[in-house]
Ligand SMILES: Cc1cc2nc3c(=O)[nH]c(=O)nc-3n(C[C@H](O)[C@H](O)[C@H](O)COP(=O)(O)OP(=O)(O)OC[C@H]3O[C@@H](n4cnc5c(N)ncnc54)[C@H](O)[C@@H]3O)c2cc1C
Ligand SMILES: Cc1cc2nc3c(=O)[nH]c(=O)nc-3n(C[C@H](O)[C@H](O)[C@H](O)COP(=O)(O)O)c2cc1C
Ligand code: FES
């Protein structure tokens, strides 16, 4: 049985990736199981300089999902390269550096710096709903996506994944713009902008007022968007948004993704990634599928 | 690794005050590793409809028995109330209380409401602590006899004066500090109480450990959602309550 997938020239041992921001730099979950189990780890969103993030509360549960407003707390690119990356390189999983910035220059500088490091791929997050400048502002306009992707590509010597925001009217426009700009792969979806109010105090639950919705509740939106994007591009797609079980992963691959990322599910079940991988194997055995790549995009729409 | 997820058999479960549920489960692994002040991340529903675990403090741990006490509040704890066979628990988690019986000969312990439960194991392990327990009213007073059985001095206060001292527990602690020696304070309870304890301790130069609450995701330090504000500048201005805490030195944090 083949579980290997190839994303923009980088071979992953299996299609399981950790979703940025839910898995830190792998240290904590690495105590539960070996990171060798993963296809790749996508690390916490990095910025050029360290960031302290938003005030608490930063998380709440909603029906079947969660809202978060962490706001990219991270130690910055240099600290990542110096202290975290060497640890991650001890494992067979590939390392994806997730980048966020306030300006196009920030992204370019980060892409340049990270390209000189041992990371395997770069993921450009132009879809974070929890920061004021940059972030999602870059990801909701096709022209801006085209422009920023083109610029960052000049500095990226590693495959560049563009992470798309679901907070748009037409996801295919955004995907096409990223492809035109030279993206090597796409990942989707980031969180959906949401809000929750405490009816007793009449105050928003998150100090940031709004936050990003993730978890099982967003899966149908993710599946739909992946399906639509698959119709308009041949770029590899990393699908994410609510994947909690092996069946969810299969559904997302049928819709068109080549690999899947697991985020919120880790919180409930620290072994989620391992269990999801097992679930994929079970499905393949049951349906006599020898190669995991044979599932991608195989939804039948008459 | 000192923590993991376990399916823990429920040994006993009873309502000890209105909506306050006292639970003992079987878990040799968690009970033997548990330290006073640490917490459990408890699964209250299925992964799909309820993606987050709920943090609940360890009240006591002995041999293979693990005890926690929770208040029924929202969706999660309402559901937890219904689980009678096995509870899925991740733990023990977080930084425990610092216990140093050689250095601190006169510890004071102060708790408010559900914040009194995490102090039970601590009280058992301290030499000669004075314990102040504050509750809203007589109906909420719990565990008084048990605290009394593990330390020489437990004083209960109620906000409405319906039981014990008429007023806030912190006033009792203030009196103790004025008239006697207190060389360390341990506190857990509602934020206003913690603020007052922090101010009192710092005004009197008494080292003070407080246990904080914050909404949590992963519970193990990976997601950075449980942050509390500290006096550190920069990236770690916000520390993780689940990993760096829940117990902090009062001087570390901004409340
Ligand atoms: C370290 C720690 C130890 C705790 N120990 C105890 C204990 O021993 N006994 C006890 O009764 N309670 C304790 N709590 C509080 C307990 O976690 C909340 O009462 C519980 O999460 C409420 O969940 P719910 O589903 O009933 O409420 P809901 O309001 O429906 O919960 C919605 C979301 O908010 C979170 N949330 C709501 N209130 C709190 C809170 N005060 N703190 C953290 N998260 C919250 C929930 O976990 C959930 O993710 C502790 C909290 C922390 C952080
Ligand atoms: C707590 C939290 C933090 C996140 N931080 C980032 C981030 O730093 N960068 C990023 O690109 N996406 C971030 N995301 C989005 C996830 O990577 C993912 O796209 C989204 O959560 C959907 O997947 P899920 O439903 O499996 O969680 C974050 C999500 C959560 C829940
Ligand atoms: S709850 Fe995830 S870091 Fe504390």
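Looking only at region B:222-252, residues that are under 19 Å from residue A:214 (Cβ atoms), at the interface with chain A (Cβ under 7 Å from one of its Cβ atoms) and not in a strand (DSSP E or B) come to 4 in all.
Determine whether residue B:89 is within 14 Å of another protein chain (Cβ to nearest Cβ) and in contact with a strand residue (DSSP E or B) (Cβ under 7 Å, 6 or more places away or on another chain). The answer is yes for residue B:89. Scanning region A:11-28 for residues being more than 14 Å from chain B (Cβ to nearest Cβ) and touching a strand residue (DSSP E or B) at 6+ places or on another chain (Cβ under 6 Å) gives a total of 3.
Select, from B:216, B:193, the only residue that is part of a helix (DSSP H, G or I) and crowded, with 21+ Cβ neighbours inside 10 Å. So the residue among B:216, B:193 that is part of a helix (DSSP H, G or I) and crowded, with 21+ Cβ neighbours inside 10 Å is B:193. For region A:101-119, the candidate set comprises residues that are part of a loop (DSSP other than H, G, I, E, B) and in contact with a helix residue (DSSP H, G or I) (Cβ under 8 Å, 6 or more places away or on another chain); within that set, the residue that is surrounded by the fewest Cβ atoms within 10 Å (Cβ to Cβ) is A:118. Residue-level analysis places residue B:82 among those that are in the same structural domain as residue B:28 (by TED's automatic domain parsing) and more than 16 Å from ligand 3 (Cβ to nearest atom). Considering region B:188-214, the residues that are more than 16 Å from ligand 2 (Cβ to nearest atom) and within 14 Å of chain A (Cβ to nearest Cβ) include one that is farthest from the chain's Cα centre (by Cα), namely B:191.
Within region B:227-255, the set of residues being within 12 Å of ligand 3 (Cβ to nearest atom) and more than 16 Å from the chain's Cα centre (by Cα) comprises B:227, B:228, B:238, B:239, B:240. Being away from chain A (no Cβ under 14 Å), in a loop (DSSP other than H, G, I, E, B) and either touching a residue at least 24 places away in the same chain (Cβ under 8 Å) or in contact with a strand residue (DSSP E or B) (Cβ under 9 Å, 6 or more places away or on another chain) (or both) holds for only one residue in B:61, B:36, B:31, and it is B:36. The set of residues from region A:272-288 being in contact (Cβ under 8 Å) with a residue 40 or more places away in the chain and crowded, with 17+ Cβ neighbours inside 10 Å comprises A:273, A:274, A:276, A:277, A:280, A:284. Residues in region A:18-66 that are within 16 Å of ligand 1 (Cβ to nearest atom) and on the phi < 0 side of the Ramachandran plot: A:22, A:55, A:56, A:57, A:58, A:59, A:60, A:61, A:62, A:63, A:65, A:66.
Look at (1) away from ligand 2 (no atom under 14 Å from the Cβ); (2) surrounded by 20 or more Cβ atoms within 10 Å (Cβ to Cβ); (3) outside any helix (DSSP H, G or I) and you find that residue A:234 fails only one, number (2).
The values are calculated or read from the model by the stated rules, or taken from the named source; none is laboratory data. What you see is a predicted model; the values in this text were computed from it and never measured. Positions of Cβ are backbone-derived with ideal geometry, glycine not excepted, and every protein chain shown enters the neighbour counts.
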